[in-house]
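Okay, so here's the structure we're looking at.
The values are calculated or read from the model by the stated rules, or taken from the named source; none is laboratory data. Worth saying up front: this structure is predicted, and the values here are computed from it rather than measured. Every residue, glycine as well, gets a Cβ built from its backbone with ideal geometry; the counts of neighbours run over all protein chains shown. For accessibility, only protein heavy atoms count, side chains too; no ligands or nucleic acids. Shrake-Rupley method; radii C 1.70, N 1.55, O 1.52, S 1.80 Å.
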Amino acid sequence: NEDVKNTDVFNSFIKFNILKTIYTGTLWAEGPAFIPHLNTLVWSDIPNNRMLKLKDGKVSEFKNPSNYCNGNTIDNDENLISCSHGGRCLYKTDDNLNTVILTDNFKGKKLNSPNDVCVKSDDTIWFTDPPYGIISDYEGYKGNQEYGACYVFCLDPKTNNLDVVIDDLDRPNGITLSPDEKKLYVADTAENLRHLYSFDLINNRPSNKKLIYDFKPFFSDGFRCDKDGNVWTSAGKAIKCFNPQNELIGQLIIPELVSNLEFGGVEGNILYITATTSLYSIELNQQGARFYE
């Protein structure tokens, strides 16, 4: 009964409609990030406190222990930026696995458990901070919320200035930018809210919040934009795709509950999908936003 628009556009994105299983063996796969100059995909297995990598068709451990890293992305120098539940911080990791903490507190109080992250062309780092990693010992270490809320933050790594940019979401979760950086997309995965929102970015401040979709009983966890500004998002055992007008244009059915996704490969047209125990991929006739110039 869903109002799906322009399905021909979405169908044209799917090259062979063959979903490949690359790896199985995680407890909860999350946070895929593709590092172009290494031709490597990195992703998290949060409960197992490790990160894995796919390079040259082979899967191996990237970091163990990972301090319960969740969401990952790359900065403009292609360093890996990771959200750590265990450290309640953001990490930056270079090619030699040298890791530094970028931020771990807000006004002297510990962050909750940074969840997902994206990087703007001006090098600012935008991340969500719900408490999922501190409510139990399953995906981190049980702890208290010290600053008393769940914010979306913007970190300027040049000045170490940490700003609250969104303070009215219950459980901010997935986050990404449109290719032109005029929109910010953020999910709220509270118990009674399963919403994906868009915000207009004006002078680096989100405004004009718009509801894109209510995913109940499922949720929009992690998502990315393609080069044309379409949003590809996890949606239960599926991936839904919304055009820049916030219209649903199609979906892919996945065998497991999907957490997140990433565009990768040499041409940026491989969609990598983290879904519960597995990493999947599907080849597209479409590129991710980061690969389009």
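Compared with the rule-of-thumb size 2.2 N^0.38 Å for a compact globular protein, the chain has a Cα radius of gyration ratio of 0.91. Kirkwood hydrodynamic radius computed over the stretch 62-144 comes to 12.8 Å, based on all pairs of distinct alpha carbons. For the stretch 22-65, taking Cα atoms only, Rg and Dmax work out to 9.8, 29 Å respectively.
Under Stokes-Einstein, with the Kirkwood radius over Cα pairs standing in for Rh, what whole-number D in µm²/s applies to the stretch 234-293 at 20 °C and 1.002 mPa s?
178 µm²/s
The charge dipole of the stretch 185-235, taken about its Cα centre with unit charges on the Cβ atoms of Lys, Arg (+1), Asp and Glu (-1) only, comes to about 100 debye.
Working note: Cα gyration tensor of the stretch 163-271, eigenvalues times five, square-rooted, sorted largest first, giving semi-axes of 21, 18, 12 Å. Around the Cα centre of the chain, unit charges on the Cβ atoms of Lys, Arg, Asp and Glu (plus for the first two, minus for the last two) sum to a dipole of about 340 debye. Across all directions, the shadow cast by the convex hull of the stretch 101-159 built on its C-alpha atoms averages 4.2 square nanometres.
In the stretch 1-117, the alpha-carbon atoms span a convex hull of 185 Å³ per residue.
Dipole check for the stretch 175-286: with +1 at the C-beta of Lys and Arg, -1 at the C-beta of Asp and Glu, and the Cα centre as origin, the magnitude is about 320 Debye. Can you send over the carbon and sulfur percentage of the accessible area for the chain, probe radius 1.4 Å, protein chains only? Ligands and nucleic acids excluded, carbon and sulfur give 45 percent. For the stretch 86-163, the per residue solvent-accessible surface stands at 46 Å², with DNA, RNA and ligands left out and a 1.4 Å probe.
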